[in-house]
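Trainee: Pasting a structure here, questions to come.
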Amino acid sequence: MFVYIMRRVLWSVPFLFAASLLAFAIIQLPPGDYVESYAARLEADGQQVDEVRIIALRDRFGLDRPFIVQYWKWISGIFQGDFGLSFQWQQPVSELIGDRMFLSVILATSTLLFTWAIALPIGVYSAVKQYSVGDYVFSIIGFIGLATPNFLVALILMYVGVVVFGTNVTGLFSPEYANASWSWGKFIDLLKHLIIPVAIIGTSATASLIRIMRANLLDELFKPYVTTARAKGLSEFKAIIKYPVRIALNPFASTIAWVFPQIISGSTIVAVVLSLPTVDPLMLDALLSQDMYLAGAFILLLSVMSIVGMIVSDIVLALIDPRIRYR
Amino acid sequence: MTTNQPILEVKDLVTAFQTRHGDFNAVDNVSLSLTPGKLMCLVGESGSGKSVLSRSILQLVDKPGKIVSGEILLHDAHPAASSDKVETLDLAALNPRGSVMRNIRGRDIAMIFQEPMSSLSPVHKIGNQIAESAMLHEGISKSQAMERAVDMLRQVEISNPEKAVNQYPFEFSGGMRQRAMIAMALVCSPKILIADEPTTALDVTIQAEILDLLQNLKQTHNMAIMFITHDMGVVAEIADDVAVMKNGKIVEVGGVRDIFSNPNHGYTKSLLRAAQDTQKPSDRRIEIRRARPLGDPILSAKSIGKEFLSSHGFLGLKKETFVAVDDASFELREGESLGVVGESGSGKTTLARCIQRIHGIDRGELHYRNRAGVETELSRLRDKELQPTWREIRTVFQDPFASLNPRMTVSQIISEPLLLNGMTSKRQRRDRVEELLDLVGLPVESMERFPHAFSGGQRQRISIARAIAPEPRVLIADEATSALDVSIRVQIMDLLLELQHKLNISYIFISHDVGLVRFFCDRVMVMYKGKIVEAGDTESVCTDPEHPYTKALLSAVPITDPSERGTKVRHRYVADLSDVSANGSV
């Protein structure tokens with residue numbers, strides 16, 4: 001087991017390096033740089049742009065140096081916890097992201113728990129009672145959930161919230177708590193505000209998870225070991241939960257891998273619509289304005305999250321499925 | 001309790017499957033009874049309703065199957081888990097999911113199945129799966145139940161049971177898994193054990209051990225056992241009573257000696273004849289050899305070796321290999337049938353694939369003399385250079401269901417190799433397919449039908465027609481008759497003999513069944529762990545084996561004659577013990 005984990009971790013090192021290089025290359029890809037788009041924005045606002053000032057800015061940010069030098073400066077800073085300075089916000093990138101990261105993690109975890117809590121039991125029900133009325137009803141609801149874009153649901157809920165209930169459903173905090181320090185009151189306020197984004201972001205994931213669970217379980221339900229369990233005298237419920245459901249859950253460990261990057265980019269549009277203070281809108285903004293270090297930090301973070309997610313899901317899978325552990 | 005009082009009586013049981021064309025009675029008006037301390041063998045061919053009958057007793061028939069009428073009387077049953085009240089219960093009248101039925105399953109009547117691997121959960125420890133019934137039915141604590149599990153594993157002769165309870169099924173060998181399965185069934189000391197083909201998936205040597213084990217347990221626990229099998233040899237070896245089943249009905253019941261010495265029903269007679277036929281050399285083969293003696297060697301292998309990569313090691317640094325075929329040398333003569341016997345994993349199939357050069361050969365030489373008399377060394381040739389040889393060396397595979405493309409018609413399947421051979425005229429191909437179908441004994445009308453319309457035996461005939469289409473000189477039959485019922489098996493082997501006579505084909509006949517090899521082959525090679533441990537004339541190897549492994553293998557083969565039961569001394573090959581201490585490294 002230890003060897004297995006060590007092997008996974010060691011293998012991730014070259015991947016992380018390649019990902020960082022790629023991240024930096026990607027943010028360098030679009031024509032022009034931050035200074036250029038800054039100048040363009042100034043011009044659009046009707047201001048005069050001073051050529052000398054632009055060159056000074058370039059020089060200050062090191063934008064005229066060769067790619068590899070810029071990359072080295074960037075990556076060595078990251079090792080010391082310095083992700084560079086956001087051009088737009090004139091703040092360290094690490095501070096900008098750090099503030100919002102916590103809320104993103106909370107949102108992503110609650111969405112995941114919500115999804116699993118709803119989808120797994122329904123998936124089991126749909127498989128055990130295949131082709132029953134309930135199975136059809138859940139399938140129809142599930143497909144509707146899959147087919148409806150999240151932001152549309154968000155807009156509808158906002159409308160309903162404002163027009164019918166007269167409350168503002170956007171954001172994650174009520175105005176009085178937004179800048180307050182943490183307290184029970186703020187925490188409960190957060191939970192109240194979480195319900196709607198979690199429900200919105202979770203719907204499509206729930207729908208697909210129901211289908212996956214149903215299909216996985218249908219593969220297992222008629223295996224001989226289920227008959228063995230029944231022949232031992234187990235009740236139908238216990239026989240199904242302990243054996244086929246347990247085995248049908250294994251593939252879910254693999255899905256942890258894609259939960260991690262979703263912390264950052266899973267709900268961008270919904271977050272913009274609902275003006276959630278998570279990292280998603282910040283990332284969108286950074287990409288639009290070519291805020292190089294901020295965008296680079298995001299892309300790097302996404303890659304790291306994907307790789308870490310992969311390691312975690314491999315380890316979890318090995319923990320719950322002995323057949324993988326011993327290979 | 002008097003011993004001759006039946007514990008379970010099945011009366012006029014009908015179990016039906018609802019289909020679109022009305023009900024199909026898989027079990028049709030069956031009556032039988034089980035007695036403590038007696039083993040009843042239920043024999044019949046596939047589809048005869050044996051399994052459905054056994055599952056009906058525990059009400060475990062999968063939908064859309066359903067018990068329609070009849071009684072299943074269990075005497076001396078405790079309907080409630082708590083009270084000691086004893087009464088006779090009609091299991092057929094119980095709710096399949098009700099608590100009374102569930103209390104009987106595993107406690108009064110336990111069951112073991114054919115595939116020990118898929119019948120055990122792959123992700124739960126053996127100990128957990130065994131202890132579960134005890135905790136459920138006797139309400140004992142987990143630690144007590146685990147102690148019981150260790151004890152049960154010891155009873156089924158698993159070495160180091162304390163370690164085994166914490167292992168997973170995939171760390172066990174096939175024989176150990178079946179032992180664990182038996183331990184699981186016996187943990188609550190049931191009065192009745194139903195065993196559904198428990199040794200069919202196992203090697204003969206392991207089958208012999210499991211049969212011994214069941215015999216012992218029957219006596220020590222005074223259990224009634226219902227043993228389902230299609231193998232008359234096994235019946236002769238262990239049965240006290242025999243019930244013969246055909247098309248859902250029991251056609252004959254009786255004591256084992258009566259049935260074997262004086263069968264009444266024609267079906268029983270034909271089953272027995274088919275089983276006994278395959279224990280001696282085929283008369284037809286001897287006749288054919290007299291008409292045409294064997295020719296010169298056409299294929300000769302010199303020290304062939306084949307290895308597989310079994311592990312890359314840490315970061316691909318330490319490569320480990322598994323030697324599948326080790327230093328194999330042999331000759332195949334024109335018109336000869338050469339048998340290859342051995343247990344699963346002994347390298348028989350790998351050897352066949354090396355001969356056909358589907359696998360590369362790592363060491364040694366393989367010489368083939370083609371129809372024109374030109375000799376080629378095959379071991380180093382590339383795929384393109386092998387094309388002409390592939391036409392002359394062909395294979396018939398084991399599984400007649402998986403080896404035919406379900407979306408091609410019989411005529412397409414058989415004519416495919418002809419097309420590859422350059423027979424472009426549609427007319428010519430059609431004529432040839434007709435001729436081939438006639439050769440393998442199928443009607444010409446089969447041409448336009450799809451494989452699913454045929455039974456296992458007929459499909460195997462189609463496979464054979466496909467294999468002989470390009471007029472091969474060597475045919476490798478890789479367990480080609482193993483998936484078939486006994487009576488069909490003999491027919492297919494007779495067909496192969498006739499084809500050999502007509503077309504002068506040499507066979508390499510791979511089988512785990514020594515009886516079949518004795519029936520079919522002139523010479524035999526015995527393989528064990530990748531090595532050919534003994535080779536020679538089939539009769540002399542079978543009657544006077546030299547290598548200890550061959551002795552062990554032969555002594556494990558059941559004799560189809562109950563009167564000879566116990567007369568044979570069983571040899572155990574010492575290297576076999578690796579099975580008992582097997583670990584999960586494979």
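The values are calculated or read from the model by the stated rules, or taken from the named source; none is laboratory data. Values in this document were obtained by computation on a predicted structure and should not be read as measured data. Because the Cβ atoms are built from the backbone with ideal geometry, glycine has one as well, and the counts that use them run over all protein chains shown. Remember, those area values only see protein heavy atoms, side chains included, never the ligands or the DNA or RNA. Shrake-Rupley method; radii C 1.70, N 1.55, O 1.52, S 1.80 Å.
Trainee: Ignoring ligands and nucleic acids, what accessible area does B:Phe330 show with a 1.4 Å probe (Å², nearest 10)?
Mentor: Solvent-accessible area, nearest 10 Å²: 20 Å².
Trainee: Based on alpha-carbon centroids, what's the gap between the stretch A:65-135 and the stretch B:434-487 in Å, whole number please?
Mentor: Taking the Cα centre of the stretch B:434-487 as reference, the centre of the stretch A:65-135 is 59 Å away.
Trainee: Could you tell me the calculated FRET efficiency between B:Glu416 and B:Thr376, based on Cβ-Cβ distance and R0 = 25 angstrom, to the nearest 0.05?
Mentor: Working: r = 25 Å, r/R0 = 0.99.
So, using R0 = 25 Å, E works out to roughly 0.50.
Trainee: With charges set only on the Cβ (+1 for Lys and Arg, -1 for Asp and Glu), what does the dipole of the protein assembly as shown come to about its Cα centre, in debye to the nearest 20?
Mentor: That gives the protein assembly as shown a dipole magnitude of about 440 debye.
Trainee: Next question, about the same structure. What is the Cα convex hull volume of the protein assembly as shown when expressed per residue in Å³?
Mentor: Working: hull volume 232.0 nm³, N = 913.
Spread over its residues, the Cα hull of the protein assembly as shown gives 254 Å³ apiece.
Trainee: Once label points are set 7 Å from the Cα along Cα→Cβ at both B:Thr409 and A:Tyr131, what is their separation, rounded to one decimal in nm?
Mentor: 3.1
Trainee: Over chain A, calculate the relative contact order: mean separation of alpha carbon pairs under 8 Å at least 6 apart, over the residue count, as a percent.
Mentor: Working: 324 pairs, mean separation 87.5, N = 327.
This gives 27 percent for chain A.
Trainee: Does a label point 7 Å from the Cα of B:Val86, set along Cα-to-beta-carbon, have any residues of the stretch B:171-196 with amide nitrogen under 14 Å, and which are they?
Mentor: B:191
Trainee: Going by alpha carbons, how many degrees (0 to 90, nearest 10) lie between the helix axis of A:67-79 and the longest principal axis of chain A?
Mentor: 60
Trainee: Which one of B:Thr481, B:Met176, B:Ala556 is farthest out on the positive end of the charge dipole of chain B, using unit charges on Cβ (Lys, Arg +1; Asp, Glu -1) and the Cα centre as origin?
Mentor: Sorting the options by dipole projection puts first B:Thr481.
Trainee: Compare B:Tyr168, A:Tyr159 by solvent-accessible area with a 1.4 Å probe and give them largest first, with all protein chains kept in place.
Mentor: A:Tyr159, B:Tyr168
Trainee: Can you work out the accessible area per residue across the stretch B:1-146, with the rest of the protein chains kept in place, probe 1.4 Å, in square angstrom?
Mentor: Working: 6310 Å² over 146 residues.
It amounts to 43 Å² per residue over the stretch B:1-146.
Trainee: Next up: For chain B, with only Lys/Arg (+1) and Asp/Glu (-1) charged at the beta-carbon, what is the dipole magnitude about the Cα centre, in debye rounded to 20?
Mentor: Working: 70 positive and 75 negative charges, 265 e Å.
For this selection, approximately 1280 debye.
Trainee: Need one number: the % of Cα-Cα pairs in chain B sitting beyond the 49 Å mark.
Mentor: 16
Trainee: Another question, if that's okay. Can you figure out the FRET efficiency of B:His21 with B:Ser46, using R₀ = 25 Å and their beta-carbon distance, to the nearest 0.05? Could you put the intermediate results ahead of the total?
Mentor: Working: r = 21 Å, r/R0 = 0.83.
Using R0 = 25 Å, I get an efficiency of 0.75.
Trainee: Same structure again: Where the centroid of each part is defined by its Cα atoms, how far is the stretch B:338-369 from the stretch B:84-100 in Å?
Mentor: 56
Trainee: Of A:Val245, A:Thr278, A:Thr255, whose Cα points farthest to the positive end of the dipole of the stretch A:223-281 (charges on the beta-carbon: +1 Lys, Arg; -1 Asp, Glu; origin at the Cα centre)?
Mentor: A:Val245
Trainee: Could you look at chain A and say what percent of its accessible area is carbon and sulfur, using a 1.4 Å probe and all protein chains?
Mentor: C and S fraction of accessible area: 70 percent.
Trainee: Please give the total accessible area that chains B and A bury against each other, computed with a 1.4 Å probe and expressed in Å² to the nearest 100. Spell out each step's value before the answer.
Mentor: On the way: alone 26400 and 18400 Å², together 42250 Å².
Chain pair B/A: roughly 2500 Å² of buried accessible area.
Trainee: Taking the solvent-accessible surface of protein heavy atoms with a 1.4 Å probe, what is the per residue accessible area of the stretch A:75-141 in Å²?
Mentor: About 54 Å² of surface per residue is accessible.
Trainee: Can you give the FRET efficiency to the nearest 0.05 for A:Glu176 and B:Lys319, using r as the Cβ-Cβ distance and R₀ = 56 Å?
Mentor: Once the sixth-power term is evaluated, E becomes 0.25.
Trainee: In debye, nearest 20: dipole of the stretch B:109-189 around its Cα centre with unit charges on the Cβ of K, R (+) and D, E (-)?
Mentor: Numbers: 7 positive and 8 negative charges, 16 e Å.
Computed charge dipole of the stretch B:109-189: roughly 80 debye.
Trainee: Continuing with the same structure: Excluding ligands and nucleic acids, what accessible area in Å² is computed for B:Lys502 using a 1.4 Å probe, to the nearest 10?
Mentor: 130
Trainee: As a test, work out the antiparallel percent of DSSP beta bridges whose residues both lie in chain B, rounded to the nearest 5.
Mentor: 55
Trainee: Within the accessible area of the stretch B:53-147, what % is carbon and sulfur when the probe is 1.4 Å and the other protein chains stay in place? Numbers along the way, then the final one.
Mentor: Details: 1940 of 3930 Å².
Within the stretch B:53-147, the accessible surface is 49 percent carbon and sulfur.
Trainee: Cut-off under 26 Å on the C-alpha distance; same-chain residues fewer than 8 positions from B:Lys502 excluded. Which lysines are left, in chain and number order?
Mentor: Qualifying lysines at Cα under 26 Å: B:Lys280, B:Lys426.
Trainee: So what is the relative contact order for chain B, in percent, with contacts set as C-alpha pairs under 8 Å and at least six apart?
Mentor: Relative contact order here is 15 percent.
Trainee: Quick check: the distance between the Cα centres of the stretch B:395-423 and the stretch B:127-198, to the nearest angstrom?
Mentor: 45
Trainee: Determine how large the accessible area of B:His512 is when every protein chain is in place; take a 1.4 Å probe and give Å² rounded to the nearest 10.
Mentor: The accessible area of B:His512 comes to roughly 70 Å².
Trainee: Would you mind getting the accessible area per residue of the stretch B:205-258, heavy atoms of the protein chains only, 1.4 Å probe, in Å²? Display every interim value, and only then the final one.
Mentor: Numbers: 1720 Å² over 54 residues.
Per residue, the stretch B:205-258 has 32 Å² of solvent-accessible surface.
Trainee: Next question, about the same structure. By the scheme Lys and Arg +1, Asp and Glu -1, what is the net charge of all other residues having a beta-carbon under 15 Å from that of B:Lys11?
Mentor: Numbers: positive: B:Lys249; negative: B:Glu9, B:Asp12, B:Asp28, B:Glu71, B:Asp90.
Taking every other residue near B:Lys11 into account, the sum is -4.
Trainee: Also, quick follow-up: Any idea what angle helix B:174-186 forms with the longest principal axis of chain B, computed on alpha-carbon atoms, 0 to 90 degrees, nearest 10?
Mentor: The angle comes out at about 10 degrees.
Trainee: Right, next: If the cut-off is a Cα-Cα distance under 20 Å, which lysines reach B:Lys246, setting aside same-chain residues fewer than 8 apart in sequence?
Mentor: Those lysines meeting the cut-off are B:Lys11, B:Lys50, B:Lys66, B:Lys269.
Trainee: Sticking with the crude label model, points 7 Å out along Cα→Cβ, report the distance from B:Ala453 to B:Arg290 in nm, one decimal please.
Mentor: The two pseudo-label positions are separated by 4.2 nm.
Trainee: Can you find, among B:His221, B:Gly70, A:Leu22, the residue farthest towards the positive end of the dipole of the protein assembly as shown? Put +1 on the C-beta of Lys and Arg, -1 on that of Asp and Glu.
Mentor: Highest projection toward the positive end goes to B:Gly70.
Trainee: Note the angle between two axes, namely the Cα long axis of helix A:150-160 and the longest principal axis of the Cα atoms of chain A, as a number of degrees from 0 to 90, rounded to the nearest 10.
Mentor: It works out to around 90 degrees.
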